[in-house]
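Student: Once you've had a glance at the structure underneath, I'll fire off some questions.
The values are calculated or read from the model by the stated rules, or taken from the named source; none is laboratory data. Since we're looking at a predicted model, the values are computed, not measured. Don't worry about glycine lacking a Cβ; one is built from the backbone with ideal geometry, like all the others, and counts go over all protein chains shown. These accessible areas exclude ligands, DNA and RNA; they are computed on the full protein's heavy atoms, side chains included. Shrake-Rupley method; radii C 1.70, N 1.55, O 1.52, S 1.80 Å.
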Amino acid sequence: MKPAPFAYARARSLDHAIELLGSRDAAGGDARVLAGGQSLIATLNMRLSHPALLVDINSIEGLDRIVLKDGQVEIGALTRHAEAERSNQIARHAPLIALAMPHIGHPAIRNRGTLGGSIAFADPAAELPACLLALDGEVEIAGPTGRRTVKADDFFKSLFETALTPRDVLTAIRVPAAGASTRCGFAEFARRHGDYAMAGLAACAQADGRGLNNVRLAYFGVGPTPMRAPYAEAALAHGDIEAAVAALADDLDPPDDVQATGAVKRHLAGVLLRRVGRQLLEARPS
Ligand SMILES: Cc1cc2nc3c(=O)[nH]c(=O)nc-3n(C[C@H](O)[C@H](O)[C@H](O)COP(=O)(O)OP(=O)(O)OC[C@H]3O[C@@H](n4cnc5c(N)ncnc54)[C@H](O)[C@@H]3O)c2cc1C
């Protein structure tokens with residue numbers, strides 16, 4: 001299929017992008033941000049969305065930086081997946097994101113797709129939203145009323161629904177820089193490498209003697225948003241992986257989808273937790 005007709009505008013600056021996003025055509029059609037286009041263009045071609053105007057943000061300067069400041073790693077929205085994959089800063093200070101990157105699509109998609117696009121699109125089976133949640137990260141947003149910061153816990157609202165309004169531009173994400181006691185783990189099941197996951201798990205914790213503190217488990221592909229698993233987190237903090245797997249029954253109730261039944265996903269969630277739990281616990285000091 002071909003997309004419905006749309007207009008195109010290249011934003012010169014963040015302010016210009018926000019102004020363009022507020023414009024509407026005569027029929028009242030809306031405008032949409034265009035970043036890497038790897039998800040948006042597919043939805044246009046399938047006519048799942050039909051915006052009147054695409055606002056291309058690729059020429060806005062300063063949105064593709066990766067910087068370490070104030071104990072946080074800030075990753076600009078226009079950072080391509082491939083740049084993040086190759087980044088020494090991310091490998092060193094945000095190792096969970098480095099673990100997840102090779103699982104996102106294929107090299108051609110990673111060359112063009114952006115971190116900001118992935119977070120804004122908020123596909124429930126995507127890796128990066130779950131990493132952001134596991135890392136207790138935050139999202140920087142610019143909109144008509146100025147800038148604001150939204151914690152990952154509050155950003156993912158529902159299926160493909162986030163705290164972004166139609167006139168907002170996501171400008172960066174920030175995650176706490178990993179310290180000596182930071183542990184992270186990542187695993188996913190996909191039918192083929194590079195496909196969206198049937199189920200996946202991103203996790204972060206702080207090693208504390210023989211246990212773990214501040215365990216954050218973020219599942220993807222098992223609900224409408226990335227999902228925390230608080231009962232399993234509490235059990236894992238005591239180092240008991242099997243108790244954590246049992247606790248998942250109270251944490252998750254995955255619906256059936258085109259990839260697998262809810263029962264299969266529930267089973268996979270346990271298998272993933274055994275793998276990721278070992279990654280978190282085996283690295284702790286004895
Ligand atoms: C075959 C295929 C396989 C894929 N497999 C995976 C996978 O396994 N895992 C995975 O996570 N992803 C996968 N993707 C998606 C890929 O990661 C996309 O790059 C990503 O989801 C969207 O990033 P983008 O920059 O291309 O955004 P776009 O496609 O340009 O935009 C996506 C949406 O986000 C909005 N948006 C984009 N940037 C901003 C911004 N800065 N502020 C506000 N709104 C914004 C757009 O308006 C649009 O609604 C796959 C894509 C394809 C085509």
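Student: Report whether or not residue 194 is under 27 Å from residue 248 (Cα atoms), open to solvent by less than 20 Å² (accessible area, probe 1.4 Å) and within 12 Å of the ligand (Cβ to nearest atom). Can you show your working first?
Tutor: Values: under 27 Å from residue 248 (Cα atoms): yes; open to solvent by less than 20 Å² (accessible area, probe 1.4 Å): yes; within 12 Å of the ligand (Cβ to nearest atom): yes.
Answer is yes for this residue.
Student: Next question, about the same structure. With the structure loaded, tell me whether residue 130 is in contact with a Ser or Thr (Cβ under 6 Å, 6 or more places away or on another chain), within 13 Å of the ligand (Cβ to nearest atom), more than 19 Å from residue 61 (Cα to Cα) and in contact (Cβ under 8 Å) with a residue 60 or more places away in the chain or whether it fails that test. Outline the logic, then answer.
Tutor: Working: in contact with a Ser or Thr (Cβ under 6 Å, 6 or more places away or on another chain): no; within 13 Å of the ligand (Cβ to nearest atom): yes; more than 19 Å from residue 61 (Cα to Cα): yes; in contact (Cβ under 8 Å) with a residue 60 or more places away in the chain: yes.
So residue 130 does not fit the description; no.
Student: If you don't mind, there's one more thing I want to ask. Within the stretch 97-110, which residues are open to solvent by 10 Å² or more (accessible area, probe 1.4 Å), in contact with a strand residue (DSSP E or B) (Cβ under 8 Å, 6 or more places away or on another chain) and more than 10 Å from the ligand (Cβ to nearest atom)? Working first, answer last.
Tutor: Taking the stretch 97-110 and keeping what is open to solvent by 10 Å² or more (accessible area, probe 1.4 Å), we get 98-99, 102-110.
Restricting the remaining residues to those that are in contact with a strand residue (DSSP E or B) (Cβ under 8 Å, 6 or more places away or on another chain) gives 99, 103, 110.
99 - this is the single residue of the stretch 97-110 that is open to solvent by 10 Å² or more (accessible area, probe 1.4 Å), in contact with a strand residue (DSSP E or B) (Cβ under 8 Å, 6 or more places away or on another chain) and more than 10 Å from the ligand (Cβ to nearest atom).
Student: Among the listed residues 152, 130, which satisfies the condition of being open to solvent by less than 40 Å² (accessible area, probe 1.4 Å), in contact with a strand residue (DSSP E or B) (Cβ under 9 Å, 6 or more places away or on another chain) and within 15 Å of residue 75 (Cα to Cα)?
Tutor: Details: 130 fails: within 15 Å of residue 75 (Cα to Cα).
Being open to solvent by less than 40 Å² (accessible area, probe 1.4 Å), in contact with a strand residue (DSSP E or B) (Cβ under 9 Å, 6 or more places away or on another chain) and within 15 Å of residue 75 (Cα to Cα) holds for just one of 152, 130, which is 152.
Student: Right, something else. What is the number of the single condition among (1) surrounded by fewer than 24 Cβ atoms within 10 Å (Cβ to Cβ); (2) farther than 21 Å from residue 152 by Cα; (3) out of contact with any Asp or Glu (no Cβ under 7 Å at 6 or more places or on another chain) that residue 228 does not meet?
Tutor: Status for residue 228: all satisfied but (2).
Student: When you check residue 9 against the structure, is it within 10 Å of the ligand (Cβ to nearest atom) and not in a loop (DSSP other than H, G, I, E, B), yes or no? Before you say what the answer is, go through the steps one by one.
Tutor: On the way: within 10 Å of the ligand (Cβ to nearest atom): no; not in a loop (DSSP other than H, G, I, E, B): yes.
So residue 9 does not fit the description; no.
Student: Here is a further query. Mind checking which residues of the stretch 224-253 are among the charged types (D, E, K, R), farther than 17 Å from residue 185 by Cα and part of a loop (DSSP other than H, G, I, E, B)?
Tutor: 253
Student: Separate question: Confirm whether residue 120 is more than 11 Å from the ligand (Cβ to nearest atom) and either crowded, with 20+ Cβ neighbours inside 10 Å or more than 13 Å from the chain's Cα centre (by Cα) (or both). Even if it seems obvious, please write down each step before you answer.
Tutor: Working: more than 11 Å from the ligand (Cβ to nearest atom): no; either crowded, with 20+ Cβ neighbours inside 10 Å or more than 13 Å from the chain's Cα centre (by Cα) (or both): yes.
When the stated conditions are applied, residue 120 does not pass them.
Student: For the stretch 39-53, what are the residues that are open to solvent by 80 Å² or more (accessible area, probe 1.4 Å) and either away from the ligand (no atom under 11 Å from the Cβ) or not hydrophobic (A, V, I, L, M, F, W, C) (or both)?
Tutor: Going residue by residue through the stretch 39-53, those that are open to solvent by 80 Å² or more (accessible area, probe 1.4 Å) are 46-48, 50.
46, 47, 50, listed by residue number.
Student: In addition: Which ones in the stretch 59-94 are touching a residue at least 40 places away in the same chain (Cβ under 8 Å), open to solvent by 40 Å² or more (accessible area, probe 1.4 Å) and more than 16 Å from the ligand (Cβ to nearest atom)?
Tutor: 68, 71, 72, 92 - these are the residues of the stretch 59-94 that are touching a residue at least 40 places away in the same chain (Cβ under 8 Å), open to solvent by 40 Å² or more (accessible area, probe 1.4 Å) and more than 16 Å from the ligand (Cβ to nearest atom).
Student: So for the stretch 170-177 (the condition being more than 12 Å from the ligand (Cβ to nearest atom), in a helix (DSSP H, G or I), open to solvent by less than 30 Å² (accessible area, probe 1.4 Å) and aliphatic (A, V, I, L, M)), does at least one residue qualify? Spell out the reasoning first.
Tutor: First, pick out the residues of the stretch 170-177 that are more than 12 Å from the ligand (Cβ to nearest atom): 174-177.
Filter again for in a helix (DSSP H, G or I), leaving none.
No; the residues of the stretch 170-177 include none that is more than 12 Å from the ligand (Cβ to nearest atom), in a helix (DSSP H, G or I), open to solvent by less than 30 Å² (accessible area, probe 1.4 Å) and aliphatic (A, V, I, L, M).
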